[in-house]
1. Considering the stretch 116-145 alone, what residues qualify as being under 28 Å from Gly181 (Cβ atoms), open to solvent by 60 Å² or more (accessible area, probe 1.4 Å) and under 20 Å from the mean Cα position of the chain (by Cα)?
2. Tell me which residues, restricted to the stretch 97-115, are surrounded by 18 or more Cβ atoms within 10 Å (Cβ to Cβ) and under 11 Å from Met134 (Cβ atoms).
3. Looking at this structure, is Ser168 more than 19 Å from Asn95 (Cβ to Cβ) and crowded, with 18+ Cβ neighbours inside 10 Å?
4. Could you count how many residues in the stretch 74-94 are within 25 Å of Asp171 (Cα to Cα) and surrounded by 13 or more Cβ atoms within 10 Å (Cβ to Cβ)?
5. Pick out, from the stretch 111-181, the strands (runs of 3 or more DSSP E) lying fully within it that include 2 or more residues that are among the acidic types (Asp, Glu) and more than 29 Å from Ile42 (Cα to Cα).
Amino acid sequence: MHFHRIHRKRAEVPIVPMIDILFILLIGFSFYFIRVRNLQKILQFRKEIANELHDSVGTTVTKSIYTAQSLLHNKEGREDRIEQIIDYGRQINANFRDVLWSMEKNTDPIVNLFDRISEIGNAAVANTRFDFRMIKENVNQDHPLTMRQKRELLMITREAIHNAFKHSNGDMIEFHFSMVGSKLQLCIKDNGRNENSEINASGMGLESMK
């Protein structure tokens, strides 16, 4: 009786070199790290937006409530206080619009900011003695701005116009954009003269602009 030996071939399993495994793990960790970092940026930006809305919108809402409550107890100056409440409402609407506009894109060419500032400035001086003028000197229209830069420049715009209305005895507000090296410079001025008057600078407007 003859026995035949059966030869079995083992399936050859390719062995992945250790260097390839480490490379794959490194790529995976890099993607995870980038995602976490982006989420942290988004959370930080949301926190900044929440703080801004709390400071600007929340404060204005509180003023509106106090002004409305005062009307219930004192009827004197009723029309002025009603007009003040309406003005507070406009401020709240403007703040919301600025925040939403700045959040539309992660980056935006500066030409879109110019259009927005022109819209704000011309609307602000309507039916006042002031004119609004914006000058752009050697500025690349495609110069990119981040969401934070857009938002803060809009806040500066509104605060500067408000200060001119409140303190200037002139009739012109000028925004002058120019490039100084690689930096964007904004110079804001009016043609008022206040040499003989004292300006109360106790507010936080100038400090917040800085």
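The values are calculated or read from the model by the stated rules, or taken from the named source; none is laboratory data. Only a predicted model underlies this, so the values are computations on that prediction, with no experimental measurement involved. A quick note on method: Cβ atoms are made from the backbone with ideal geometry, for glycine too, and the neighbour counts reach across all protein chains shown. What goes into the accessible areas is simple: the full protein's heavy atoms, side chains included, and nothing from ligands, DNA or RNA. Shrake-Rupley method; radii C 1.70, N 1.55, O 1.52, S 1.80 Å.
1. Result: Gln141, Asp142, Pro144.
2. Within the stretch 97-115, Leu113 is the sole residue that qualifies.
3. Values: more than 19 Å from Asn95 (Cβ to Cβ): yes; crowded, with 18+ Cβ neighbours inside 10 Å: yes.
Yes; evaluated as a whole, the condition is true for this residue.
4. At the first step, the residues of the stretch 74-94 found to be within 25 Å of Asp171 (Cα to Cα) are 80, 83-84, 86-88, 90-91, 94.
Now drop any that are not surrounded by 13 or more Cβ atoms within 10 Å (Cβ to Cβ), which leaves 84, 87-88, 91, 94.
Qualifying residue count, the stretch 74-94: 5.
5. Working: elements: 131-137, 144-146, 172-180.
In the stretch 111-181, 131-137 are the strands (runs of 3 or more DSSP E) which contain 2 or more residues that are among the acidic types (Asp, Glu) and more than 29 Å from Ile42 (Cα to Cα).
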